[in-house]
Amino acid sequence: MLTDFWTWILDLGNSKTVALLIFFTTFMGIVIYVYSSRKRGERLESYRYMPLMDEDEADKRVKAAEASQAKGDK
């Protein structure tokens, strides 16, 4: 029984299907994790333009996001 399963997975056509299911499930888990909490979503949205900001402005936004998250946790 186990050898039949491994033979089925090792077939290239079937292994691609299994890999697709694993990666899609992982991707959907990440999407649900990111958008499930409104506070987490707002914090991640605040990081949106960070690569385009000056260092001082980016530091201010990170500190503000961390402070608002700390207030929400308490």
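Bear in mind that the values in this text are calculations on the coordinates, not laboratory data. As the structure is a computational prediction, the values presented were derived from the model and not from experiment. Glycine gets a Cβ as well: all are built from the backbone with ideal geometry, and neighbour counts include every protein chain shown.
Between the helical axis of 12-36 and the longest alpha-carbon principal axis of the chain there is an angle of about 20 degrees. One chain, two ends: Met50 and Phe5. Fully extended at 0.36 nm per residue, the span grows by 11.5 nm beyond their Cα-Cα distance. Taking the three principal axes of the alpha carbon atoms in the chain, the coordinate ranges are 59, 31, 15 Å, sorted in descending order.
Listed by chain and number, the lysines whose alpha-carbon sits under 22 Å from that of Lys71, ignoring those within fewer than 8 places in the same chain, are Lys39, Lys60, Lys63. Magnitude of the charge dipole for the chain, about its Cα centre and with charges confined to Cβ atoms of Lys, Arg (+1) and Asp, Glu (-1), is about 380 debye.
Distance from the C-alpha centroid of segment 3-21 to that of segment 29-63: 38 Å, rounded to the whole angstrom.
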